[in-house]
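Structure first, then comments.
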Amino acid sequence: RKPFVVVAAAAASVAAAGGKNTKKSQSVDGITHMAARDIFACIAKDTEHAYAVRVSFLEIYNEDVRDLLVAGDHRGNSGGGGGSGGGSGPNRGSTTTLAVREDPKRGVFVENLTSHRVYNLDTLLHYLNIGERHKSVAATGMNDRSSRSHTIFRITVERKKKIGAAAAKPSGVGVAGKENGGGTASKAASARKADGGAPVKLVATLNLVDLAGSESVKHTGAIGRRQREAGKINQSLHTLSKVITSLGTAGKGGKTFADYRDSKLTRILKSSLS
């Protein structure tokens, strides 16, 4: 198995998609464990650089962006509805809706999304587990515990040369992410020295995306809130498909314009899709 390595000064995404009951969440969870393990293993082997690893976790529910690492404000039925939240009592996640912003320097970012510093695999998995308990889930006609939102677990890694360390060529071990300040990576990939332009700080992001499965209301028998959730899920998946298709045909005489703004999902992932 080749190690999962976040390439220096890059933004990347790994997403799991498919219909209901296809074990997407388990796949994303397994990939997250392997990627995080490899990142910290690479850091442990690098004696020339200092690293800072941060994580954030958000969900997109009915096109509302929520922070899964914020303590509960009694989501009640507003999350999955009808007792469908990812937990109960203190396990409820925040219902505060976060705004998606964009500016020339930072690029696209989620305003006020929390970012947590982690120093080892166990701490990273601790935050992953917190977010998993806060996800919006509900029973449907096809699944007793169906995801009602898309989620993005982001690992951001910053690498700096240690003072006094000999100059070295950037390597694939350089895991770093654009400091998101609670949002997506900015367009600036690295800070640079005045003497020759060698990178001083490299930042990269890895987005682990768990996509809610597409739904046929005819098969699930969804009505009311469940039907609205299914509509939003299918709409955002359709937009993601259009963006990927547009990017895939660029340079082949096909359509080159990708409208990321049609969905919160594609807008947040813009830096790692384009």
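Criterion applied to 91, 143, 120, 129 was being more than 16 Å from the chain's Cα centre (by Cα) and at pLDDT 90 or above, and the one residue passing it is 120. Checking each residue in segment 231-245 for being crowded, with 20+ Cβ neighbours inside 10 Å and among the aliphatic types (A, V, I, L, M) picks out 233, 240, 243. Quick check, is residue 254 at pLDDT 75 or above and farther than 25 Å from residue 35 by Cα? When the stated conditions are applied, residue 254 does not pass them.
In segment 94-117, which residue that is at pLDDT 90 or above and touching a helix residue (DSSP H, G or I) at 6+ places or on another chain (Cβ under 7 Å) is nearest to residue 56 (Cα to Cα)? Checked segment 94-117; the qualifying residue nearest to residue 56 (Cα to Cα) is 116. Identify, by number, the condition in (1) modelled with pLDDT under 90; (2) part of a strand (DSSP E or B); (3) under 15 Å from the mean Cα position of the chain (by Cα); (4) of a type outside the set (Ser, Thr, Tyr) that residue 160 doesn't meet. The failed condition is (3).
The values are calculated or read from the model by the stated rules, or taken from the named source; none is laboratory data. Here the structure is a predicted model, which means the values were calculated and not measured. Note that each Cβ is placed from the backbone with ideal geometry, even for glycine, and that neighbours are counted across all protein chains shown.
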